[in-house]
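The block underneath contains the structure these notes are about, expressed in structure tokens.
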Amino acid sequence: MSAVSKPSPKAIFWFLFAAGGTVCAFVLPAMIFITGIGPAIGLFDQSGLSYPSIYGFFSLWIPKLALFGIIFLALWHAAHRLRVCAHDFGIRADSIVALTLYGLATIGTLATIIALLRIG
Amino acid sequence: MSGRKPYKQQLSRTCWFMTSARYKTYMLHEISSIFVTIYTIILIVGLFRLGESREAWEGWLAAVTSPIGIIFHLVAFAFFLIHTTSWFKAVPQATRIMRGEEVLPGNILVGAHYGVFAIVSLFFIVLAAVG
């Protein structure tokens, strides 16, 4: 092994996977409880999820940035894990799988930026 | 005639993980990423609807609370909890914190993660409830 190793792009994907996994572990159960389960049992739809309330909230820069960070990391975490998943389900065309999944994560990232900028 | 008996792989390429409880648990973590992906797409659609109009946002909320929406979110919620517990369980293997000469015990590290998890969850829920 040489003393100076070339930096590998793998490190970036691995970092996003690990950072995303940590953020998802902390925030996703509460988030899906609020946006997915709460409204069905009559929670939050009159308060935090009512149109004026949530529109006002995501008009602010800090909530925008926070949500962007969560979605961005969740997307890249899931993309990396799905790549491993594809391998585990017997799909061996790794470069095509990687290109597709990281491509979709890129599209998702850009879509999130556009959607957030259109609010407020 | 050779006495060679080549090894033939008996495992299925697609369901190999069904052979052991350990592998099944592993695949459960991996499959959680499918739900993370779908949930993230639902959120991005919601943000577009929110930017569009009040009616569009309320339409999104109605879709979330439709029978299919409720079933998806309940299953995804279960998978997110599996992700959280399995991720925290692996923390002592991934992180070693030294306190003087001693390694900080794993259960303190995991406990601290659950503590922060509880505070973060409570913060989000209070934020949503206050509006």
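Derivation of every value follows stated rules applied to the coordinates shown; laboratory data play no part. As the structure is a computational prediction, the values presented were derived from the model and not from experiment. With ideal geometry, Cβ positions are generated from the backbone for all residues, glycine too; neighbour counts draw on all protein chains shown.
Take the alpha carbon gyration tensor of chain B, find the square roots of its eigenvalues, order them as a ≥ b ≥ c, and report rounded if a/c is under 1.5; if not, report prolate when a/b exceeds b/c, else oblate. The partial results should precede the final answer.
Values: a/c = 3.51, a/b = 1.35, b/c = 2.61.
Oblate shape, in that a/c is at least 1.5 and b/c is the bigger or equal ratio.
Would you mind calculating the relative contact order of region A:58-120 from Cα pairs under 8 angstrom and at least 6 residues apart, reporting the percent as a whole number?
Details: 35 pairs, mean separation 32.4, N = 63.
RCO, region A:58-120: 51 percent.
Given contacts defined as C-alpha pairs under 8 Å and at least six residues apart, what's the relative contact order of chain A, whole-number percent?
Relative contact order here is 33 percent.
Rank the residues A:Phe58, A:Phe89 as a footprinting-exposure proxy: fewest other Cβ atoms within 10 Å of their Cβ go first. Don't jump to the answer; show the numbers that get you there.
Working: A:Phe58 19, A:Phe89 15.
The most exposed by this proxy come first: A:Phe89, A:Phe58.
Counting only other chains, what is the mean number of Cβ atoms within 10 angstrom of the Cβ of each residue in peptide B:20-31?
Values: counts 0, 0, 0, 1, 0, 0, 1, 3, 0, 3, 8, 5.
Taking all residues of B:20-31 together, the mean is 2.
At 222 nm, what value in deg cm²/dmol follows for the protein assembly as shown if DSSP H runs of at least 4 each add -39500 (n - 2.57) and the sum is divided by all its residues, to the nearest 500?
-24000 deg cm²/dmol
Using only Cα atoms and rounding to the nearest 10 degrees, what angle (0 to 90) does helix A:61-88 make with the longest principal axis of chain A?
Between helix and principal axis, roughly 40 degrees.
Roughly what percent of Cα-Cα pairs across region B:90-131 reach past 18 Å? List each step's numbers first, then the result.
On the way: 380 of 861 pairs.
The proportion of pairs with Cα distances above 18 Å equals 44 percent.
Measure nothing fancy, just the Cα-based angle from helix A:10-32's long axis to the longest principal axis of chain A, in degrees from 0 to 90, nearest 10.
Between the helix axis and the principal axis of chain A, the angle is about 30 degrees.
Tell me whether chain A comes out rounded, prolate or oblate; compute the Cα gyration tensor, take square roots of the eigenvalues as a ≥ b ≥ c, and use a/c under 1.5 as the rounded threshold. Please list the in-between numbers first.
Values: a/c = 2.47, a/b = 1.95, b/c = 1.27.
Prolate.
The protein assembly as shown: Rg/Rh from Cα coordinates, Kirkwood Rh? Could you put the intermediate results ahead of the total?
Values: Rg = 21.1 Å, Rh = 20.3 Å.
That ratio is 1.04, to two decimals.
Of B:Thr14, B:Thr37, B:Thr65, how do they rank once you tally other Cβ atoms within 10 Å and put the fewest first? Mind showing how you got there, number by number?
Details: B:Thr14 11, B:Thr37 21, B:Thr65 18.
Taking fewest neighbouring Cβ atoms as first place, the list is B:Thr14, B:Thr65, B:Thr37.
So for chain B, averaging the separation of alpha carbon pairs under 8 Å that are six or more residues apart and normalising by length, what relative contact order in percent results? Provide the component values of the computation, followed by the final result.
On the way: 45 pairs, mean separation 24.8, N = 131.
Reported as a whole number, the value is 19 percent.
Report, in degrees rounded to the nearest 10, the 0 to 90 angle that the Cα long axis of helix B:21-52 makes with the longest principal axis of chain B.
That works out to roughly 20 degrees.
May I ask for the Rg/Rh ratio of region A:58-120, computed from Cα atoms with Rh as the Kirkwood radius, given to two decimals?
On the way: Rg = 14.4 Å, Rh = 12.7 Å.
Dividing the radius of gyration by the Kirkwood radius yields 1.13.
If you take all C-alpha pairs in region B:15-83, what percent of them are over 19 Å apart? Can you show the working numbers first?
On the way: 1087 of 2346 pairs.
For region B:15-83, the share of Cα pairs beyond 19 Å comes to 46 percent.
Show me, bin by bin at 10 Å from 0, the whole-percent P(r) of region A:11-77 based on Cα pairs.
That works out to 20, 41, 30, 8, 1, in percent per bin.
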